[in-house]
Ligand code: SF4
């Protein structure tokens, strides 16, 4: 697996999806959101998707999965879950694995104690 380059991390730092995830996490901590556990997962657009679609082989396109995520009502909690779990595989929260690997580097500053840190 190719190492994440510093410019990818800097791009991730400016990514609005990451900003939304950070804000969502802060709102959960403040108690503004009541969604807990994995309740949100049942509302995901990928609930009936093939596993291969959401977990394409390396170098296979992720477009179909990202198209599903783009209109998904729970894409932000989904991304938070993936970042908290340091999940570097598959498509989660409207991010491709490599994009998310860069986001995880930034997220470690947001929550250094998350699972998989
Ligand atoms: S954001 Fe994508 S991976 Fe997450 S629940 Fe929605 S469709 Fe599934």
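Read-outs: derived from the displayed coordinates by stated rules, not from any lab. Keep in mind that what you see is a predicted model, and the values were worked out from it rather than measured. Note that each Cβ is placed from the backbone with ideal geometry, even for glycine, and that neighbours are counted across all protein chains shown.
Using helices alone, I'd like the mean residue ellipticity at 222 nm for the chain: each DSSP H run of four-plus residues gives -39500 (n - 2.57), total over residue count, nearest 500.
Here the helix-only value at 222 nm equals -14500 deg cm²/dmol.
Determine, for each peptide in 75-81, 64-70, the mean count of other beta carbons within 10 angstrom over its residues, then list the peptides with the highest first.
The densest-packed peptide leads the list: 75-81, 64-70.
Can you give me the orientation-averaged projected area of the convex hull built on the Cα atoms of segment 6-110, in nm²? Mind showing how you got there, number by number?
On the way: hull surface 26.2 nm².
That works out to 6.5 nm².
Pairs of alpha-carbon atoms within less than 8 angstrom and 6+ residues apart define the contacts here; what relative contact order does segment 6-110 have, in percent?
So the answer I get is 32 percent.
With r defined as the distance between the Cβ atoms of residue 15 and residue 53 and R0 fixed at 22 Å, what FRET efficiency is calculated, to the nearest 0.05?
Once the sixth-power term is evaluated, E becomes 0.45.
Taking R0 as 35 Å, what FRET efficiency do you get between residue 23 and residue 64 from their Cβ-Cβ distance, rounded to the nearest 0.05?
0.80
Quick one: order 51, 83 by neighbouring beta-carbon count within 10 Å, fewest to most.
By the 10 Å Cβ count, ascending: 51, 83.
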